[in-house]
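Accompanying notes for the structure given below.
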Number of protein chains: 2
Amino acid sequence: MLQGVDMRLTKGCKKVLEVLEQVQELSSAQDIHGLMRNEDDKAPGLTTVYRSLESLVSAGLVQAVALGDGERRYELVKPGEHHHHLVCDKCRSSVHLDQCLIEELEEGIKNKYGFQIKGHILEIFGTCKVCTAK
Amino acid sequence: MLQGVDMRLTKGCKKVLEVLEQVQELSSAQDIHGLMRNEDDKAPGLTTVYRSLESLVSAGLVQAVALGDGERRYELVKPGEHHHHLVCDKCRSSVHLDQCLIEELEEGIKNKYGFQIKGHILEIFGTCKVCTAK
DNA sequence: GTCATTTTGAAAGTGATTACCATTTCCTAT
DNA sequence: ATAGGAAATGGTAATCACTTTCAAAATGAC
């Protein structure tokens, strides 16, 4: 899964990847750091976690997610891909949308507004199936 | 335009509305405060600006926009409405999308994922018509 | 092994936002 | 009008996520 990835895989990065693999959940840098330090007192420091996340994001292995609350979350993705979320305001779980709504519109927006899309943020908040049922 | 709005219109709020009316542009709380203080040394303080924006947002007169850079921007809207932006990474201008892409999808997402949408963030980054032409 | 480069980490610094709290302003009953 | 109480205000300090700094430690090439 790491084949063909063009970046130096430092210890910090490896550790971060491990944690993200385990949690399978949107996690902030501080979350990740906390989890590391829980099971290992001399796990990488917070600075390294931030730096590793930065590298991993630009390598396309991890995506950063802005939920608009001033705290960035991170998540493993298939290299180069990304996706958006339905974030439950009750249980904080998040479901992935199986397709990016923006990519489909890219051409239309280009034509209509003459705007060349380079990136976007899209997250949806509400109540998930499970919490609605309760 | 302020008819039927259910909130106390304090001095701070009025001043903030004035500024937002003039700039017609995404502005941060600090931007707004700066502009006020430029033309009037005893314009409301920063704290009041933040508080006013909070009231105005919950009254639906102003929308808060998260661009994912850790600085919230604000903008006048028709009461209760909202819209999304094409933000140019060259000139920082922003064009409004004339319709909300998410509202259209609400029903589909409800059916497909059982998710009840309550809110969302959507902003698109790239290069605008003018800057592309250059 | 040696030396240069890269990585790391603790602490200090930033920048936006919020909490505090004392002062001022506004409204209402007298 | 005016006194009293609630709401609004503003400067400062605190918070919080994140970044910078810089010296020490790990890595890698020769």
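FYI, it's all coordinate maths here, none of it is from the lab. For clarity, every value in this text was computed on a predicted model and none was experimentally measured. As a convention, Cβ positions derive from the backbone with ideal geometry for all residues, glycine included, and neighbour counts pool all protein chains shown.
Observations on the structure shown:
- Magnitude of the charge dipole, chain B, Cβ model with Lys/Arg +1 and Asp/Glu -1, debye to 20: 200 debye
- If you bin all the Cα-Cα distances of segment A:43-84 at 10 Å, starting from zero, the percentages per bin are 30, 51, 20, 0.
- Normalised contact order of segment A:1-79, rounded percent, pairs of Cα under 8 Å and 6 or more residues apart: 33 percent
- In the protein assembly as shown, taking the dipole from charged Cβ atoms about the Cα centre, the farthest positive-side position among B:Leu61, A:Val19, B:Ile117 is held by A:Val19.
- Within the shell defined by Cβ-Cβ distances under 13 Å, the residues around A:Lys118 carry a net charge of -2, with Lys and Arg each +1 and Asp and Glu each -1.
- Mean per-residue shielding of peptide A:65-74 is 3, counting Cβ atoms of other chains within 10 Å of each Cβ.
- Gaussian network model of chain B, Cα within-10 Å springs - most flexible of B:Val23, B:Val49, B:Val57: B:Val23
- Cα long-axis angle, helix B:101-113 against chain B (0 to 90 degrees, to the nearest 10): 50 degrees
- Starting from the label point of A:Cys131 at 7 Å along Cα→Cβ, the same points in the other copies fall at 3.5 nm, in ascending order.
- Residues of type lysines that B:Lys129 reaches as a straight line, Cα spacing below 28 Å, ignoring anything fewer than 8 places off in the same chain: A:Lys110, A:Lys112, A:Lys118, B:Lys78, B:Lys90
- Efficiency of FRET from Cβ geometry, A:Glu54 and A:Cys91, R₀ 25 Å, rounded to 0.05: 0.25
- Taking every alpha-carbon pair under 8 Å whose residues sit at least 6 apart, chain B reaches a relative contact order of 20 percent.
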